[in-house]
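Below is one structure, written out as structure tokens; the observations come after it.
The values are calculated or read from the model by the stated rules, or taken from the named source; none is laboratory data. Fair warning: this is a prediction, and the values are worked out from it, not measured in the lab. Backbone-built Cβ (ideal geometry, glycine too); neighbour counts: all protein chains shown.
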Amino acid sequence: MKFIDEATIKVYAGDGGNGVATFRREKYEAMGGPNGGDGGRGGSIYMIADRNINTLVDYRYSRVFRAQRGENGRGSDQYGAGGEDMVLRVPVGTVISDKATGQVLVDLAEHDQKFMVAKGGNGGLGNIHFKSSVNRAPRQCTKGDAGEEFELYLELKVLADVGLLGMPNAGKSTFIRSVSAAKPKVADYPFTTLHPNLGVVRVDANRSFVIADVPGLIEGAAEGAGLGHQFLRHLSRTRLLLHLVDLAPFDEAVDPVREAKAIIEELRKYDEELYNKPRWLVLNKVDMLEDSQQRVAEFVKALGWEGRYFAISALAGQGCRELTYAIMEHVEAVQAEELLAGHERVESHS
């Protein structure tokens, strides 16, 4: 199924019901007084994050959502029933923005997180509220308030600990197949990956992390070339980026150093915050090189890379185990830091 990661919808909360102006009319009660009830509240619209939903495909075809209107008030002091609220379920990781202003309303990053996106209108007042000692037969009543309406932009950012970067055919899909149970398509032509793939890498019995493989980048991606720029948003939540480089390209005219520099530059152009995330260099297909250690050293020097790097063969599994354990340690360290920071924030507010 195609991965749908964005959608635009319109939401209309229910209008409040109108209040009424009625009077009590019973036998022997000619001057019964006002008894008009209030209108009911209009239904509101909520968004709730659901981990059992993977895409926004449901909102590609149904784009308009209207909550129920509140009932009008009635005589005999009867208030109108409130409109039923509407709940829209979206995948965990959905960011909801106001389409008109671009303002982010909420980031639904946790299962069962709920947010009101459009509030129902209040019901109007019946004439029972307007009686007084000097106005014993009020004929005033008010109409219900209109419900809120918005055009919303929904954007799904997948929740992964590790994101894979690289040119098409760098071996990202092969790597994710090698270390996880995910089975993305693998072939010897560019843009094999057309949508993000998520894989759970289980290191030990109770230690695992989630890795995301997105379509490969090419030069000009930040300006819209290729497919990868559409999915760079999915890397914004990751704790670590792995930059995979093909050290043994099929085309001998391809320069791995130049391609690696192009990817780094595209990342910087697209998002400075993403560019500054922790990033490791992973040199793939070393099993196809005769003097792999020397080639790896030459590449690292030519690139001017001073960070952490690994040499692997995703196809043969060479070096993958060491890399996954190193990733697990990094993810656990970042999680511990985030947990500590969360406790400190709670204590500072208490």
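How many of the residues in segment 155-201 are under 22 Å from TYR275 (Cβ atoms), modelled with pLDDT of 65 or more and assigned to a loop (DSSP other than H, G, I, E, B)?
The number of residues fulfilling the criteria is 9.
Could you tell me which residue of segment 51-77 is surrounded by the fewest Cβ atoms within 10 Å (Cβ to Cβ), considering only residues that are under 23 Å from ALA146 (Cβ atoms) and polar (S, T, N, Q)?
Residue satisfying both the conditions and the ranking: SER62.
Here is a yes/no grid of residues against (1) touching a helix residue (DSSP H, G or I) at 6+ places or on another chain (Cβ under 8 Å); (2) of a type in the set (A, V, I, L, M, F, W, C); (3) closer than 16 Å to ASP77 by Cα:
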site	(1), (2), (3)
VAL106	no, yes, no
LYS119	no, no, no
GLY124	no, no, yes
ASN135	no, no, no
ASP145	no, no, no
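If you take the residues of segment 112-139 that are touching a strand residue (DSSP E or B) at 6+ places or on another chain (Cβ under 6 Å) and of a type outside the set (A, V, I, L, M), which of them is surrounded by the fewest Cβ atoms within 10 Å (Cβ to Cβ)? Spell out how you get there, then give the answer.
To start, the set of residues in segment 112-139 that are touching a strand residue (DSSP E or B) at 6+ places or on another chain (Cβ under 6 Å) comprises 113-118, 127-128, 131, 138.
Okay, now just the ones that are also of a type outside the set (A, V, I, L, M), so 113-115, 127, 131, 138.
Values: GLN113: 16, LYS114: 11, PHE115: 15, ASN127: 25, LYS131: 15, PRO138: 18.
Step by step, filter segment 112-139, then rank; the result is LYS114.
Tell me which residues, restricted to segment 279-307, are part of a loop (DSSP other than H, G, I, E, B) and loosely packed, with under 13 Cβ neighbours inside 10 Å.
Listed by number, the residues that qualify are GLU290, ASP291, GLY304, GLU306, GLY307.
For the condition touching a Ser or Thr at 6+ places or on another chain (Cβ under 7 Å) and in the same structural domain as LYS172 (by TED's automatic domain parsing), what is the one hit in LEU242, LEU340, LEU315? First the steps, then the outcome.
Working: LEU242 fails: touching a Ser or Thr at 6+ places or on another chain (Cβ under 7 Å); LEU340 fails: touching a Ser or Thr at 6+ places or on another chain (Cβ under 7 Å).
Unique residue meeting the criteria: LEU315.
Out of THR94, THR142, report the one residue that is buried (at least 17 other Cβ atoms within 10 Å of the Cβ) and more than 30 Å from the chain's Cα centre (by Cα). Even if it seems obvious, please write down each step before you answer.
Details: THR94 fails: more than 30 Å from the chain's Cα centre (by Cα).
So the residue among THR94, THR142 that is buried (at least 17 other Cβ atoms within 10 Å of the Cβ) and more than 30 Å from the chain's Cα centre (by Cα) is THR142.
Give the residue that is farthest from PHE175 (Cα to Cα), with candidates limited to residues of segment 244-292 that are free of Cβ contacts under 8 Å to residues at least 12 places away in the same chain and more than 34 Å from the chain's Cα centre (by Cα).
The qualifying residue farthest from PHE175 (Cα to Cα) is ALA253.
Pairs needed: first member in segment 86-108, at positive phi; second member anywhere, in a loop (DSSP other than H, G, I, E, B); C-beta distance under 6 Å; at least 6 residues apart or different chains.
Going by the 6 Å Cβ cut-off, the qualifying pairs are GLY93/LYS157; GLY93/VAL158; GLY93/LEU159.
Report the residue count in segment 245-256 for those that are of a type in the set (Val, Ile, Thr) and surrounded by 17 or more Cβ atoms within 10 Å (Cβ to Cβ).
Number satisfying all stated conditions: 1.
Check off (1) more than 29 Å from ILE96 (Cα to Cα); (2) assigned by TED's automatic domain parsing to the domain that holds ARG63; (3) of a type outside the set (Gly, Ala, Ser) for MET167 and give me the number that stays unchecked.
It fails just one condition, (2).
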